Amino acid sequence: MSERGEPTIKITDVQTILTAPNGIRLVVVKVLTSEPGLYGLGCATFTQRPLAVAAAIENYLKPFAIGRDVDRIEDLWQAAYVSSYWRSGPVLNNALSGLDQALWDIKAKRANMPLYQLLGGKCREAVPVYTHASGNSLTEVEDNVRKFMEKGFRYIRVQMAIPGYETYGGRSVPTVVALNPHQPRTWEPTPYVRTVPKLLEHLRNTVGDDVELLHDVHERIPPIQGVWLAKAVEPYRLFFLEDLFAPEDNDYFRMVRQQTSTPLAMGELFVNQAEYVPLIRERLIDFIRVHISDIGGLSMARKLAAFCEFMGVRTAWHGPGDVSPVGHAVNMHLDLAVSNFGIQELSLFPEKTQEVFPGCPEVRDGCMWANDKPGLGIDIDEKLAAKYPFPEHIYNGAWPEIRRLDGTVVKP
Ligand code: GCO
Ligand code: MG
């Protein structure tokens, strides 16, 4: 037993690992402790500003945390959160998440149980996931939906490239010539808004009703066109329609909520409680889609999940390729242990990524399965991770500019 107030096990180092095995910039934190061999991993991935997160960890969080008690996760989280005074933005939240998740990993390892046990145990055997089907035409999207259905996926996000435009989730060749003929990426909302109902009608008429379809608007259209779109797609029974508005246009949720029962998902861009609490409190959305490291990590996400449970909102944590496998493992452990689970987004792990991160959650029968090792159940091969440095890029991973025909910049 340690002296009163003296930590039993202390944090001795906070290391930042930057790696891009799949060409996507990932940030993982490794927390070392005074107990030989005991360490934890956490996801701090903000792929558009990874070096800013790494600097926040190295210069502020690491000196703050070293010497502190590994057991006092909540206290450390609260003290670190307010230590910057200005708080709750994506960079500092991601840094804090890396530390937070690593401490949860350590606590579960010390308890010699999978993390989901510390969160209340399993509510389900495995975690149903959705993956992404896309294409350049109605039939190409249909073919890709069928391929995923044959692999056992029951939830599939569908996105179609709008010919000639730089479409989110689609790979069309941008051939539309803008006022500035040298403009590399052009987007117009109306051709997209006209296409989505046709895509969903085609899919319901071809692959039928048994598959759950999801669609991501990705904050790409003027809010009033979002209201129109949410109504127009209601007959096709989406599982959810995502990012109908930008966070700056949250107030439009009150307008659309009164006009349609299309289920709404929102949250991957949220970083501050002030963005998501009102939407949940007023039941203006059906699924919360936060990127867990962007809101500060597991300690915040488990509180958010509980708040959502009281308001009938289900979880649908952000899970693209720019969440590290450590972050996907955190998603999974929380998904297993909450009753108001909705669905889990998954970007399938390419082989190189699985080699860098031994213990990646297994994906089969359309679900993610925990391996039941103590802690998060995932590790990182640092030597291998070092073989995949961040790709050279002038903006180091920022989203490339997308502009309207007249040259107006649009949200990506
Ligand atoms: C999703 C998201 C992602 C984001 C990406 C940004 O629903 O998975 O919209 O595709 O665009 O994570 O870096
Ligand atoms: Mg999205």
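Selection of the range 1-43 for residues being assigned to a loop (DSSP other than H, G, I, E, B), β-branched (Val, Ile, Thr) and under 28 Å from the mean Cα position of the chain (by Cα) yields only ILE24. Taking GLU74 as the residue in question, decide whether it is under 24 Å from SER34 (Cα atoms), among the acidic types (Asp, Glu), part of a helix (DSSP H, G or I) and in contact with a strand residue (DSSP E or B) (Cβ under 9 Å, 6 or more places away or on another chain). Criteria not met by GLU74.
How many residues are part of a helix (DSSP H, G or I) and either acidic (Asp, Glu) or over 23 Å from the mean Cα position of the chain (by Cα) (or both) when one looks only at the range 380-410?
Counting residues in the range 380-410 that are part of a helix (DSSP H, G or I) and either acidic (Asp, Glu) or over 23 Å from the mean Cα position of the chain (by Cα) (or both) gives 3.
Would you mind stating whether PRO90 is out of contact with any helix residue (DSSP H, G or I) (no Cβ under 8 Å at 6 or more places or on another chain) and either buried (at least 18 other Cβ atoms within 10 Å of the Cβ) or among the polar types (S, T, N, Q) (or both)? Here the answer is no, as PRO90 does not meet what is asked. Taken over the range 316-329, the criterion of being surrounded by 24 or more Cβ atoms within 10 Å (Cβ to Cβ) and either over 9 Å from the mean Cα position of the chain (by Cα) or away from ligand 2 (no atom under 11 Å from the Cβ) (or both) is satisfied by TRP317, VAL323, SER324, PRO325, VAL326, GLY327, HIS328, ALA329. Which residue pairs have Cβ atoms closer than 8 Å, lie 6 or more positions apart in sequence or on different chains, and pair a first residue in the range 13-26 that is within 10 Å of THR353 (Cα to Cα) with a second residue that is surrounded by fewer than 19 Cβ atoms within 10 Å (Cβ to Cβ) and among the basic types (Lys, Arg)? From the range 13-26, the pairs are PRO21/LYS352; ASN22/LYS352. Among residues of the range 190-216 that are touching a residue at least 60 places away in the same chain (Cβ under 8 Å), those with a Cβ under 7 angstrom from a residue that is crowded, with 21+ Cβ neighbours inside 10 Å and of a type in the set (Ser, Thr, Tyr), sequence gap 6+ or separate chain, pair up as GLU212/TYR155; LEU214/TYR130; LEU214/TYR155.
Residues checked against (1) crowded, with 18+ Cβ neighbours inside 10 Å; (2) touching a helix residue (DSSP H, G or I) at 6+ places or on another chain (Cβ under 8 Å); (3) not basic (Lys, Arg):
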| residue | (1), (2), (3) |
| --- | --- |
| HIS132 | yes, no, yes |
| VAL158 | yes, yes, yes |
| TYR168 | yes, no, yes |
| ARG204 | no, yes, no |
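When the range 216-226 is examined, which residues are found to be assigned to a helix (DSSP H, G or I) and within 16 Å of ligand 2 (Cβ to nearest atom)? The answer is GLY226, and nothing else.
I'm trying to understand the selection: among the residues of the range 176-189, which are in contact (Cβ under 8 Å) with a residue 12 or more places away in the chain and farther than 25 Å from PRO223 by Cβ?
Hits for the range 176-189 are ASN180, PRO184.
Taking the numbered list (1) over 30 Å from ARG87 (Cβ atoms); (2) within 15 Å of ligand 1 (Cβ to nearest atom); (3) acidic (Asp, Glu) in turn, GLU219 passes all entries but (1).
Would you please name the residue that is farthest from ALA65 (Cα to Cα), looking only at residues in the range 1-18 that are β-branched (Val, Ile, Thr) and at pLDDT 95 or above? The extreme case among them is ILE17. Among the residues of the range 250-297, those identified as of a type in the set (Phe, Trp, Tyr) and closer than 25 Å to ASP322 by Cβ are PHE270, TYR276, PHE287.
The residues of the range 259-274 that are within 18 Å of GLN48 (Cβ to Cβ) and surrounded by 18 or more Cβ atoms within 10 Å (Cβ to Cβ), listed by number, are GLY267, GLU268, LEU269, PHE270, VAL271.
Checking GLU282, GLU309 one by one, the residue that is farther than 20 Å from ALA246 by Cα and surrounded by fewer than 19 Cβ atoms within 10 Å (Cβ to Cβ) is GLU309 and no other. Within the range 371-398, the residues that satisfy the criterion of being at pLDDT below 95 and touching a helix residue (DSSP H, G or I) at 6+ places or on another chain (Cβ under 7 Å) are ASN396, GLY397.
For (1) assigned to a helix (DSSP H, G or I); (2) more than 24 Å from the chain's Cα centre (by Cα); (3) within 16 Å of ligand 1 (Cβ to nearest atom), each residue gets a yes or a no:
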| residue | (1), (2), (3) |
| --- | --- |
| LEU214 | no, no, yes |
| TRP228 | yes, yes, no |
| PRO235 | yes, yes, no |
| LEU241 | no, no, yes |
| PHE245 | no, no, yes |
| GLU248 | yes, no, no |
| MET255 | yes, yes, no |
| SER261 | no, yes, no |
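Does at least one position in the range 104-119 carry a residue that is farther than 30 Å from PRO36 by Cβ and of a type in the set (D, E, K, R)? No, the conditions are met nowhere in the range 104-119.
Within the range 298-319, residues that are over 27 Å from LEU41 (Cα atoms) have Cβ atoms under 6 Å from residues that are more than 16 Å from ligand 1 (Cβ to nearest atom) and among the aliphatic types (A, V, I, L, M) in these pairs: MET311/ILE280; VAL313/ILE280, counting only partners at least 6 apart in sequence or on another chain. Among the residues that make up the range 71-87, is at least one of them acidic (Asp, Glu) and surrounded by fewer than 14 Cβ atoms within 10 Å (Cβ to Cβ)? Checked the range 71-87: at least one residue is acidic (Asp, Glu) and surrounded by fewer than 14 Cβ atoms within 10 Å (Cβ to Cβ).
The values are calculated or read from the model by the stated rules, or taken from the named source; none is laboratory data. Remember, predicted model here, so these are calculated numbers, not experimental data. Here the Cβ is made from the backbone with ideal geometry for all residues, glycine too, and neighbour counts use every protein chain on show.
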